[in-house]
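Reviewing the structure listed below.
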Amino acid sequence: MALLKKQAKEGTCFEKPSIIGTRGSLGLVDADVIPKYELTVEDGRQLAKEYSRVLMRKHRARQKAETTLLRLKKEAIEALPEHLKAAAMVPDLTPFPANRYMATLTPPIEGYIDKIREATAKATGKEKLR
């Protein structure tokens with residue numbers, strides 16, 4: 001930050017876009033390929049308002065989904081018999097188990113970890129490093 005302030009005082013700040021990283025790598029482009037926009041302050045305000053509207057739409061949609069889930073949860077609890085309804089109303093404050101495995105989309109392959117451990121033990125025990 002101090003370097004940028006110093007460059008601004010000296011007038012050596014970069015006034016045009018420069019190449020970031022190696023040419024053509026990781027999707028980075030040359031400075032002449034970067035589109036140039038001529039925006040006024042009013043254009044900036046309009047873009048900011050539109051962006052704010054988009055964010056508010058997303059926020060309201062999320063709130064609506066959460067409200068719907070809570071309403072459905074209450075309806076499901078009300079549909080339970082009395083003895084189960086009382087148990088469902090008690091909040092479960094037990095901590096999540098720390099040793100629980102990560103959730104996966106597919107079931108684990110039987111014996112996979114054992115094969116990996118055997119291969120590791122075999123590779124580290126007998127082979128030379130170089």
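The values are calculated or read from the model by the stated rules, or taken from the named source; none is laboratory data. The structure presented is a predicted model; accordingly, all values stated were derived computationally and were not measured. Counting neighbours? That spans all protein chains shown, and the Cβs are built from the backbone with ideal geometry, glycine included.
Can you confirm whether Arg57 is of a type in the set (D, E, K, R) and modelled with pLDDT of 95 or more? Criteria met by Arg57. State whether the residues of segment 25-34 include one that is exposed (fewer than 10 other Cβ atoms within 10 Å of the Cβ), out of contact with any Ser or Thr (no Cβ under 8 Å at 6 or more places or on another chain) and at pLDDT 70 or above. Taking every residue of segment 25-34 in turn, at least one turns out to be exposed (fewer than 10 other Cβ atoms within 10 Å of the Cβ), out of contact with any Ser or Thr (no Cβ under 8 Å at 6 or more places or on another chain) and at pLDDT 70 or above. Considering segment 44-79, and only residues there that are within 30 Å of Val90 (Cβ to Cβ) and of a type in the set (Gly, Ala, Ser), the residue that is farthest from the chain's Cα centre (by Cα) turns out to be Ala79. When the criteria are applied in full, Ile116 meets the requirement of being among the β-branched types (Val, Ile, Thr), surrounded by 10 or more Cβ atoms within 10 Å (Cβ to Cβ) and within 33 Å of the chain's Cα centre (by Cα).
Residue pairs whose Cβ atoms lie under 7 Å apart, separated by 6 or more positions or on different chains, with the first residue in segment 60-86 and at negative phi and in contact (Cβ under 8 Å) with a residue 12 or more places away in the chain and the second surrounded by 10 or more Cβ atoms within 10 Å (Cβ to Cβ) and not small (Gly, Ala, Ser), are Ile77/Lys85. Before we move on, is Glu10 surrounded by fewer than 10 Cβ atoms within 10 Å (Cβ to Cβ), modelled with pLDDT of 80 or more and among the charged types (D, E, K, R)? Taking the combined requirement at face value, the residue does not satisfy it.
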